[in-house]
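The values are calculated or read from the model by the stated rules, or taken from the named source; none is laboratory data. What you are looking at is a predicted structure, and each value in this text was computed from that prediction instead of being measured. So basically every Cβ, Gly included, is an ideal-geometry build from the backbone, and we count neighbours across all protein chains shown.
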Amino acid sequence: MIVLNGVEVEDTYCEAFDGIVTRLLITLRDAQLKHYTAAQCTALPSIVVGRTEAGVEIWHLKPDETPDKNIGLIVQIWGAWDENNPEKSLKKFYKELGLRIRQGILVIPTTTVFNALKAEKTLDLMENVGYCGDVYQEDVLIYGRNMIKIPLMMGDWYIERHIGYKIGVSGGNLWLMCESEKAALNAGKRVLDALYPLENVITPFAICSAGSKTVYEGQPHPEIGPTTNHQYCPTLRDKIEDSKVPEGVRSIPEIVINGLTLDDVKKAMRIAMLTASKCKGVLKISAGNFGGKLGKYKIHLRELYNKIQVK
C-alpha cells in the first residue's frame with residue numbers, strides 16, 4: 001500500500017494524450033476586463049468532440065513583463081492531435097483557434113495578443129483572424145513584433161501574426177476521494193492554488209465533478225460531454241454491484257492537468273498529490289484511466305510518490 005501523509009494513494013495510473021498547444025499572451029489597458037477576457041477565451045473545454053480546450057496559465061502579468069507595457073495574462077489553447085493524420089489535426093486546430101481568438105478576445109476592448117511560446121513551428125493568423133479586417137487589416141511592426149492591425153469600432157486591435165505551436169501532453173489527472181462535498185471543494189481549491197504559480201501547465205476543468213470513462217457498446221449518450229462513471233458515483237454505491245467507491249467517500253472531484261511537456265504534467269501531478277494528501281477529509285487519492293487502451297502515456301501514481309519521497 002502507498003501512503004502519503006496518512007492518505008492512501010491507489011497504485012494505479014492516469015492516461016495522457018498528445019495535443020496541439022499554443023500559448024498566448026493577452027494584454028489589456030483596462031484591468032476590470034481581464035477576468036472577463038480569461039473567461040471568454042478559455043470557456044467550454046470541448047476537446048471531447050475534437051474541438052479545443054483552454055485554460056489560464058498565468059493570471060497576473062505586470063506591465064514590465066509584457067511587450068506593450070500593459071497588464072496581462074497567459075492562456076493555453078489545446079486541440080486534439082492524431083499522429084497518423086497530422087495535416088488534418090492541424091487544419092482543424094487552425095480553424096478552432098481562430099474561433100477562440102475572434103469570439104473570445106478580439107471583441108473585448110483594449111486587448112492585444114502576442115505569441116508566448118518559443119517553438120520551431122508557427123501558424124500564420126492572417127487568414128483565420130486577420131481577415132476580420134475586411135481588407136482594411138495591415139501588417140505592422142510594433143512592440144518589436146510583426147503584428148496584424150485590425151480597425152474596429154473602438155479603435156485598432158493588434159495580434160501577432162505568427163503564433164507558435166507544439167505537441168504537448170494533455171489529460172493528466174488525479175481523483176480526490178473525499179468524505180464530503182465540503183472536503184472535496186476545499187481540497188480541490190487548495191490543489192488549484194498550489195498549481196497556479198507553475199508555468200507551462202493549465203487545469204482546463206478546474207475542479208471537475210465528472211470523471212471520464214469510455215462508453216460501452218450500444219450505450220445511449222449525447223455527442224458531447226462525459227457520461228456517468230457509475231463505478232465511482234458515491235450516490236450509486238449501495239445501488240450497484242460493481243461500485244468502486246470506498247466506504248465513507250461521498251465526493252470525488254477530478255483535477256485535469258495539461259502541460260507543454262510530460263515532465264511539466266508529472267511535476268504538477270506530484271504537487272497536486274502532495275497538496276491533496278495534507279487536506280482534511282481526503283480519504284484516498286486515485287486517477288482515471290481507460291484500461292490502457294486510449295492514452296499514449298501512462299503516468300503511474302507510484303512513480304510520482306517515489307519522486308516525492310526522494311525529495
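Among the residues of region 264-278, those identified as part of a helix (DSSP H, G or I), touching a strand residue (DSSP E or B) at 6+ places or on another chain (Cβ under 9 Å) and of a type outside the set (S, T, N, Q) are ASP264, VAL265, LYS266, LYS267, ALA268, MET269, ALA272, MET273, LEU274, ALA276.
Within region 279-290, residues that are closer than 13 Å to VAL249 by Cα and assigned to a strand (DSSP E or B) reach partners that are at pLDDT 95 or above and of a type in the set (S, T, N, Q) with beta carbons closer than 8 Å, at six or more positions or on different chains, in the pairs ILE285/SER277; SER286/THR12.
Matching residues to (1) within 22 Å of ASN5 (Cβ to Cβ); (2) at pLDDT below 95; (3) crowded, with 16+ Cβ neighbours inside 10 Å:
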site: LYS213; (1), (2), (3): no, yes, yes
site: PRO220; (1), (2), (3): no, yes, no
site: ILE257; (1), (2), (3): yes, no, yes
site: LEU274; (1), (2), (3): yes, no, yes
site: SER286; (1), (2), (3): yes, no, yes
site: ASN289; (1), (2), (3): no, yes, yes
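Considered as a group, the residues in region 291-311 that are among the charged types (D, E, K, R) and modelled with pLDDT of 95 or more include one that is nearest to the chain's Cα centre (by Cα), and that residue is LYS298. Of the residues making up region 126-143, those that are touching a Lys or Arg at 6+ places or on another chain (Cβ under 9 Å), among the β-branched types (Val, Ile, Thr) and surrounded by fewer than 17 Cβ atoms within 10 Å (Cβ to Cβ) are VAL140, ILE142.
Across region 4-24, the number of residues qualifying as closer than 16 Å to VAL201 by Cβ and not β-branched (Val, Ile, Thr) comes to 7. For region 71-123, the tally of residues that are farther than 12 Å from THR37 by Cα, in a strand (DSSP E or B) and in contact with a Phe, Trp or Tyr (Cβ under 9 Å, 6 or more places away or on another chain) stands at 8. When PRO109, PRO63, PRO86 are checked against the criterion of being without any contact (Cβ under 8 Å) to a residue 40 or more places away in the chain and closer than 25 Å to ASN146 by Cα, a single residue qualifies: PRO63. Each residue in region 9-43 was checked for being farther than 21 Å from LYS88 by Cα, under 11 Å from the mean Cα position of the chain (by Cα) and either at pLDDT 95 or above or not in a helix (DSSP H, G or I) (or both), and 1 of them qualify. Which residues, taken from region 291-311, are part of a helix (DSSP H, G or I), of a type outside the set (Val, Ile, Thr) and closer than 21 Å to ASN258 by Cα? Matches in region 291-311: LEU301, ARG302, GLU303, LEU304, TYR305, LYS307. Restricting attention to region 162-182, the residues that are in contact with a Ser or Thr (Cβ under 9 Å, 6 or more places away or on another chain) and crowded, with 21+ Cβ neighbours inside 10 Å total 11. Scanning region 120-138 for residues that are in contact (Cβ under 8 Å) with a residue 24 or more places away in the chain and of a type in the set (Val, Ile, Thr), we see that the one that is nearest to GLY79 (Cα to Cα) is THR122.
Kindly list the number of the only condition in (1) touching a helix residue (DSSP H, G or I) at 6+ places or on another chain (Cβ under 6 Å); (2) among the aliphatic types (A, V, I, L, M); (3) surrounded by fewer than 20 Cβ atoms within 10 Å (Cβ to Cβ) that fails for ALA80. It fails just one condition, (3).
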